[in-house]
1. Based on what the data block shows, is Val145 farther than 23 Å from Gln9 by Cα, surrounded by 19 or more Cβ atoms within 10 Å (Cβ to Cβ) and at pLDDT 75 or above?
2. Taking Arg103 as the residue in question, decide whether it is open to solvent by 90 Å² or more (accessible area, probe 1.4 Å) and not in a strand (DSSP E or B).
3. Within the set of pairs 6 or more residues apart or between chains, which connect a residue that is modelled with pLDDT of 85 or more inside segment 15-28 to a residue that is loosely packed, with under 13 Cβ neighbours inside 10 Å with Cβ atoms less than 7 Å apart?
4. Would you mind finding the one in Gln150, Gln169 that is modelled with pLDDT of 90 or more and surrounded by fewer than 16 Cβ atoms within 10 Å (Cβ to Cβ)?
5. Could you figure out which of (1) without any contact (Cβ under 8 Å) to a residue 24 or more places away in the chain; (2) open to solvent by 50 Å² or more (accessible area, probe 1.4 Å) isn't true of Gly124?
6. Restricting segment 52-72 to residues that are in contact (Cβ under 8 Å) with a residue 24 or more places away in the chain and not in a loop (DSSP other than H, G, I, E, B), which is nearest to the chain's Cα centre (by Cα)?
7. Which condition from (1) open to solvent by less than 20 Å² (accessible area, probe 1.4 Å); (2) modelled with pLDDT of 85 or more; (3) closer than 29 Å to Lys46 by Cα is the one that Ile132 breaks?
8. For Glu171, state whether it is acidic (Asp, Glu) and more than 17 Å from the chain's Cα centre (by Cα).
Amino acid sequence: MSLHLTSRQSNILEFIRARVARDGQAPTLEEIGQAMGLPHVSAVLKHVRSLEAKGRLAIEPNRSRGIRLVEAPDALDADTLELPLVGRIAAGEPLFSESRIERSLRVSRWLFRLTPDYLVRVVGDSMRDEGILDQDLVGVHATPVARHGQVVAARVGGDRFTIKRLYWQGEVIRLLPNSPGYQPIDPDPSEDFAIEGLFAGLLRGG
């Protein structure tokens, strides 16, 4: 996952940049809507909030022209990653739905064994003995391919996103917890099951 913009978001961002360059201040939401053919301020605000979540804008509350452009991260900073924190998955929803990006975080790449594409928050302690605790932020290296024995991020049943160790021998696939009191997950062939990525490392107390 990258923080790529949709074509609509790119157009809105370029319009804001042009108005700031011309007028020295940002346009209002109403002015953006008029320029983009969006009659409802709520639709404009949704796009602007997505740009904020992706680190392109900052919004100062209670100001009609409170949009502020954010400088892009230093491209020469090879030690830093900017990662989206992905929130709860809804049934049938794409993993990277814009509405699910809570915010973006800048972190050191050296915290991770693999280069992560995004972060997810752990809920529960089923992987406690792997050192993965409740509320940790886990970095996920996005890939649909994994080997037996690797710790993976997987989607089960469409709306369950879990971090488990993969058991894969022949046609048998299981997702194994590593904490007392938890049972393995045996994906049903009729369910929506997919490997979303590999465990890349974590941030504690995020």
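1. no
2. no
3. Hits for this filter: Thr28/Ser64.
4. Gln150
5. The one condition Gly124 does not meet is (2).
6. Ala53
7. (3)
8. Against the criterion (acidic (Asp, Glu) and more than 17 Å from the chain's Cα centre (by Cα)), Glu171 qualifies.
The values are calculated or read from the model by the stated rules, or taken from the named source; none is laboratory data. Keep in mind the model is a prediction, meaning the values are calculated, not measured. Here the Cβ is made from the backbone with ideal geometry for all residues, glycine too, and neighbour counts use every protein chain on show. Just the protein is used for accessible areas: all its heavy atoms, side chains included, with ligands, DNA and RNA removed. Shrake-Rupley method; radii C 1.70, N 1.55, O 1.52, S 1.80 Å.
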